[in-house]
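Accompanying notes for the structure given below.
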Amino acid sequence: MEPSVETDTPTFAERVYTVVRRVPRGRVITYGGVARMIGAPRSARYVGFVLHANPNPGTEPGCTPCHRVVFADGRLAPGFAFGGPDEQRRLLEAEGVPSTPDGRVDLFRHLWP
């Protein structure tokens, strides 16, 4: 049996969750923004895959508020895994982030950082 080599290098998913946990209430970030912040600028789609499997969604301390991640044009995720786009919209509006009638967030006002 080979000895196991443990590393302190966080996985792609851990890096995604760390960034998303830093997004404050009332702000959003894009999938591409998360990808750039973790040093994987061409991986926005994979950020979405990771967030779709978020094991701890929510707004409580320690949770990963994946509802704060939107598309580059401000659209909400049509396949939001935790209740659909209406739930994502509701969560954002509860934090003071309104969406337009066509389902977009005003990135000029609410984009983080």
Going 7 Å from the Cα of PHE12 toward and past its Cβ, which residues in the stretch 18-47 have a backbone nitrogen under 12 Å from where you end up? 35, 40-47
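Taking the Cβ of THR18 as the center, what net charge do the other residues with Cβ under 15 Å away carry, scoring Lys and Arg +1 and Asp and Glu -1?
Values: positive: ARG15, ARG21, ARG22, ARG36, ARG68; negative: ASP8, GLU14.
After counting each charged neighbour, the total is +3.
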Note down the relative contact order for the chain as a percent, whole number, built from C-alpha pairs under 8 angstrom at least six residues apart. 27
I'd like to know which of LEU92, HIS52, PRO41 lies farthest towards the positive end of the charge dipole of the stretch 19-100, counting +1 on Cβ of Lys and Arg and -1 on Cβ of Asp and Glu. PRO41
Which of [x] -0.66, -1.20; [y] -0.52, -1.63; [z] -0.40, -1.24 is the computed log10 I(q)/I(0) by the Debye sum over Cα atoms at q = 0.12, 0.22 Å⁻¹ for the structure on display? [z]
Once the other residues with Cβ under 13 Å from the Cβ of CYS63 are scored (Lys, Arg +1; Asp, Glu -1), what is the net sum? +3
How much accessible area per residue does the chain have, in Å², with a 1.4 Å probe? 61
Whole-Hz couplings from phi, Karplus 6.51/-1.76/1.60, listed for the stretch 21-35; x for Gly and Pro: 5, 7, 5, x, 3, x, 10, 9, 9, 8, 4, x, x, 4, 4
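The values are calculated or read from the model by the stated rules, or taken from the named source; none is laboratory data. What you see is a predicted model, and the numbers here were worked out from it, not measured in a lab. Heads up, the Cβs are rebuilt from the backbone with ideal geometry, glycines too, and the neighbour counts pull from every protein chain shown. The area values use the complete protein model at the heavy-atom level, side chains included, leaving out ligands, DNA and RNA. Shrake-Rupley method; radii C 1.70, N 1.55, O 1.52, S 1.80 Å.
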